[in-house]
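Since the structure comes first, as structure tokens, the remarks are kept for the end.
The values are calculated or read from the model by the stated rules, or taken from the named source; none is laboratory data. Everything numeric in this text was worked out from a predicted model, so none of it was measured. Counting neighbours? That spans all protein chains shown, and the Cβs are built from the backbone with ideal geometry, glycine included.
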Amino acid sequence: MCRTVRRLIFACVVMPFLGWATATYGQAPVTQDDALEATDEVPVALRLQCDTPQFECAGYYAAQWKGYYSGAGLNVDIRTGKNGEPDTFLSPTAEVAAGRAQFGVGSADILLARDQGEDLVVLASIFQTSPTTLYVREDAQFRTLADLRDLTVYRPPGSSHDIEFRAMLLAQGIDPTTVTYASSMDDTVDAIMGSSLTLPFTLKQRGMRAIAVRPRDYGVNFYGASLFTTEALATSQPELVDAFINATLRGWDYALRHPHEIARGLAAAFPSPNPDIDALALNRAQIEPVRNLTGHSVVEPGHINPERWQRMNETLIRLGMVSTPLDPAAFLYREVRRQVARDQTVRNVLLTIAGALAVMALAAGVGAIVMREVLDRRARALARSEENYQLLVDNLRDYAILGLGPDGRVTSWNRGAARITGFSRDEVIGRHVSILFPAADVKSGLPQREIDQAAQFGRIEVEGMRARRDNSTYWANVVISALRGPSGMLLGFALVIRDASQRKAQEDRIRFQAALLNRVRSAVIAINAEGRVTYMNAYAEALFLLPWREADNRPLVELSILPEEAVSPVGLRERGEQEVTAHRRDGVAFPALLLASVTPDPAGMAQSAVYVIHDLTERKKLEATLQHSSNLALLGRMSASLVHEISQPMNVIRLTAEGGLLRLAANPIDTDDLAQRFRTVSEQAARLFDTIDFMQTFSRRDAGRVDGTAGPPFDVGLSVRKAAEMMAERFEAAGIGLELDLPEATCTARGRTRQFEQVLLNLLGNALHALRLRADQHDRLVRMRLTVPETLPGDLCLSVEDNGPGVPQALRDQVFEPFFTTKPAGQGTGLGLSISLGIVRSMDGTMDIGESDDLGGAAFVIMLPADYIGPAAGDTTPTGSQDKLLVAPKAAAVPRITTARLGPHVLVVDDEELARREVADHLSAHGYRVSQASGGIEALEIVARCNADMPLSGDNSPQVDAVITDIRMPRGNGKELIANLAEAYPQVFIIVMTGQPLHDREDLEDIGSGADHVLRKPVSLSEIDDRLGALLSEADHEE
């Protein structure tokens, strides 16, 4: 039956009406080709809001460039808001009203101008939402709009942004005149009102970090850029206006479908006057925001909702900004055009009314029957929907949903409200909503203020403290919506409360943690699983000269502030500590300690990482200073050895030169002997230069890394040999063996040769000290071994092992700490191993301590990345084993007695063979019987045999009359020899040759007390003749 009735109504009512409408309105619409028949282009001016042509104005320029304006017979002059006058903003509404432009772009300012008597009409709304935004500094004391009273705000005077700003303040009950305004947008302002399309770039250029506050969040939801003209032009030349609208909307449609083409065109045609701003990047950055503002792909370009313009005007009336109600029929161009069409069709409408009334009377009787059935069905459905609604509301346990009357008293109460507040339904129904507020807020009138604001603005959302039945408080998110009837009468309020205490506590904790991280004197950077930056603390921004806004969501690798291999998201894992070379944004490199911590998800997959970066610049400077001090201290400890190393070659040079001169004076020139002497002088001079170079190198500060690498390549094996040779004398003097185990191949690493040799000298010195403390003084040995591990073919392994007491397990974690030492007070600074570890780490190596498998004592193991392993340059054959016992644990002294002629018997004792031989040859040439010994032990045996009438088998060596000896000798030193001779053989004259420094007066005095003469190196052969001759003559005279 219902279907039949519907068909009857359709046939009797709808079909006749459709026929009339087709006859009346069925004419084809006017096209833009028909709009203007004139062949000449009509000049018109369009005044824009924007200061400079950017993508926010893309549609107008697209219409001009693509020929849509010219095709419509229009010659459009597009003018910006400043139009070449940088300090002046030309209002589009004022320009159009004064006739200086035919068309303009505006928003809420159109309503204000019309209220002031200007006959303006809106043609199309390009931006469905306004871009107006208030940006407030992050460091400003800002929580609510009321805080703006204590801040300085810049607003562009006279623009639509200023209108929306004032409307937003008034909507929150804030008098705009109570806010302090700045006359210019300088660095002193706390907040800036402007467009979200352009202002962020200005703030970024100024380095200002800000939060965005939008008027639409406070109930001020206005249209943005809208085309308008005068009512006079719209009524007198509708074809011109239609042509302009159609061409403009075609331009916007093209620009939104081909945004990058238009962006490139705008950047090329209108480059930025500021060299710091990339015009193309700026235009491209506006593409998506402009698309969102226009409602692209949702509504047609230029869409207008008349009711929305009316609501905008009502909002301005409520806020006291305009006084005249808006008539859409007179304000909106399309409505004006429709009104003209309506006037033309009134006659046709009146003619059809009579027929329609007759048909409707016929249908009324049938419709009454159907209507009753429909109403009954709707009543039953409404009852069911109300039951379902109440059931839904009661089951929302996480939300308190209340109904309030117009006076703020509770009219409905769900189960969620009872759970959150602790009040039952019977306890609150009929009571004022202030029962849910803390007493202090009730006293201040806050409950009523919130209700009044909801009634004024329709809806408010606030957060604050609320009270439970037991007087405890919680943080709540509250939404209050005003309920009005069709006539606008206030019926009551809907109140929704959510307990946000947990979220608030989390946010407070996050803010507190962020504040703590910003106070940490280390850079903290977090990345996600894709390697993109998700957090930087303030110290990281300062350290890397990188603002957080520039780094946000960018790949950390792309920023080039840390080595790619250290922060690559591929295979993200815990990396522990590592020293790296970091870079600031200005290109300056600096040493840094990088710590990586990975946060896994519940499945165990790494999702993010946190990097903590310590700037090691100052630490490296301190280490360099300590290292330099350590070098100087080491030179001080080695002073005696260094003096010996200097005086010995000088002594040989002088003896060789003087011996050569004496021979030249006595005999014809022996060219072979002379050549040999020159070679000796040259070799000793080179030896002397090596010692001086060593001293200069060790006393010089190191510049550290300069190219991001560990240093230049150096021969590790050669450094091992040099260090061992420098310590050989001390090991020989102590009777401790020193063994080298080096590979056949040349092995190089990257680093500072001097620093690495300092490490080796320090390790050898520690081993020497440890073995001196060993109870068993026999077969003491230190071994230095360099190998290439099979498991790590790209590394070099150097171990320094001994058969001493070793390092206790409990102390192994402490030995590398600064100032830790096991030596007695005054015998060590505790910095040697700490500095050594730093040197090895700077070479990208490691150093550990353990127990020697072969020798049983301590073993220090250094691992270095190999730079090269193979034969030396130009070497094609293996060199053979380089194992070498540099110093034997026990040196066997072989007595050696050589005599000449029958004069007095003189024993020359010196470990330097060249010097010993030169003195012996000179004395032999002057008639002395001469014997030679390389050390005190050997010399004492010779004296004992000769002076005890116990000559060696087959030898008739006479007694030793005089001994000429050095002091520092590995196989028995001269001081012990002098003491033994003075006690057992007082008749033997003793002449000492020493390189002992003059400042060691006590040692010289001790030596002099047991010797007849002390000669300081380099000695003179003639001086030896004089002193020796005087002693022997004195002995003959006494006899």
Query raised in the report: If we scan segment 161-184, do we find a residue that is closer than 22 Å to Gly59 by Cα and buried (at least 24 other Cβ atoms within 10 Å of the Cβ)?
Result: yes
Expected output for segment 244-258 (first residue among the small types (Gly, Ala, Ser), partner surrounded by fewer than 20 Cβ atoms within 10 Å (Cβ to Cβ), Cβ below 8 Å, 6+ apart or cross-chain) is Ala247/Gln32; Ala247/Gly71; Gly251/Lys66
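Here's the yes/no breakdown for (1) outside any loop (DSSP other than H, G, I, E, B); (2) in contact with a strand residue (DSSP E or B) (Cβ under 8 Å, 6 or more places away or on another chain); (3) closer than 30 Å to Ala542 by Cα; (4) in contact (Cβ under 8 Å) with a residue 24 or more places away in the chain:
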{"residue": "Glu164", "(1), (2), (3), (4)": "yes, yes, no, yes"}
{"residue": "Ser184", "(1), (2), (3), (4)": "no, yes, yes, yes"}
{"residue": "Gln205", "(1), (2), (3), (4)": "yes, no, yes, yes"}
{"residue": "Met208", "(1), (2), (3), (4)": "no, yes, yes, yes"}
Cβ pairs under 7 Å, 6+ apart or interchain, first in segment 704-722 and surrounded by fewer than 17 Cβ atoms within 10 Å (Cβ to Cβ) and in a loop (DSSP other than H, G, I, E, B), second modelled with pLDDT under 75 and not acidic (Asp, Glu), ordered by first then second residue, are Gly704/Ala624
Worksheet entry | Any hit, segment 257-277, residues being within 15 Å of Ala58 (Cα to Cα) and touching a His at 6+ places or on another chain (Cβ under 9 Å) | yes
The condition of being in a strand (DSSP E or B), over 22 Å from Gly845 (Cβ atoms) and charged (D, E, K, R) holds, among Glu725, Glu744, Glu739, only for Glu739
If we keep only residues of segment 509-524 that are polar (S, T, N, Q) and more than 17 Å from Ala551 (Cα to Cα), then the residue surrounded by the most Cβ atoms within 10 Å (Cβ to Cβ) is Ser522
So is Asp776 at pLDDT 80 or above and part of a loop (DSSP other than H, G, I, E, B) or not? no
Is at least one residue of segment 513-527 under 25 Å from the mean Cα position of the chain (by Cα), at pLDDT 85 or above and not hydrophobic (A, V, I, L, M, F, W, C)? yes
Yes or no: Val349 modelled with pLDDT of 90 or more, aliphatic (A, V, I, L, M), surrounded by 12 or more Cβ atoms within 10 Å (Cβ to Cβ) and out of contact with any strand residue (DSSP E or B) (no Cβ under 6 Å at 6 or more places or on another chain)? no
The number of residues in segment 238-277 that are outside any helix (DSSP H, G or I), out of contact with any Ser or Thr (no Cβ under 7 Å at 6 or more places or on another chain) and either among the hydrophobic types (A, V, I, L, M, F, W, C) or farther than 18 Å from Gly71 by Cβ (or both) is 7
Condition set in a strand (DSSP E or B) and among the small types (Gly, Ala, Ser), scope segment 508-548, selection farthest from Pro591 (Cα to Cα): answer is Ala526
Thr829: passes all of (1) more than 28 Å from Ile736 (Cα to Cα); (2) in the same structural domain as Leu740 (by TED's automatic domain parsing); (3) at pLDDT below 65 but (1)
Of the residues in segment 584-599 that are surrounded by 12 or more Cβ atoms within 10 Å (Cβ to Cβ) and over 29 Å from Gln758 (Cβ atoms), the one that is modelled with the highest pLDDT is Arg584
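Table: residues versus (1) among the aliphatic types (A, V, I, L, M); (2) modelled with pLDDT under 90; (3) touching an Asp or Glu at 6+ places or on another chain (Cβ under 9 Å).
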| position | (1), (2), (3) |
| --- | --- |
| Phe142 | no, yes, yes |
| Tyr154 | no, yes, yes |
| Met168 | yes, yes, yes |
| Ile174 | yes, yes, no |
| Thr180 | no, yes, yes |
| Asp187 | no, yes, no |
| Gly194 | no, yes, no |
| Leu199 | yes, yes, no |
| Tyr218 | no, yes, no |
The correct count of residues that are farther than 27 Å from Ile869 by Cβ and either surrounded by fewer than 18 Cβ atoms within 10 Å (Cβ to Cβ) or not assigned by TED's automatic domain parsing to the domain that holds Val861 (or both) in segment 787-807 is 1
Given (1) closer than 17 Å to Arg730 by Cα; (2) at pLDDT 80 or above, Asp795 misses just (1)
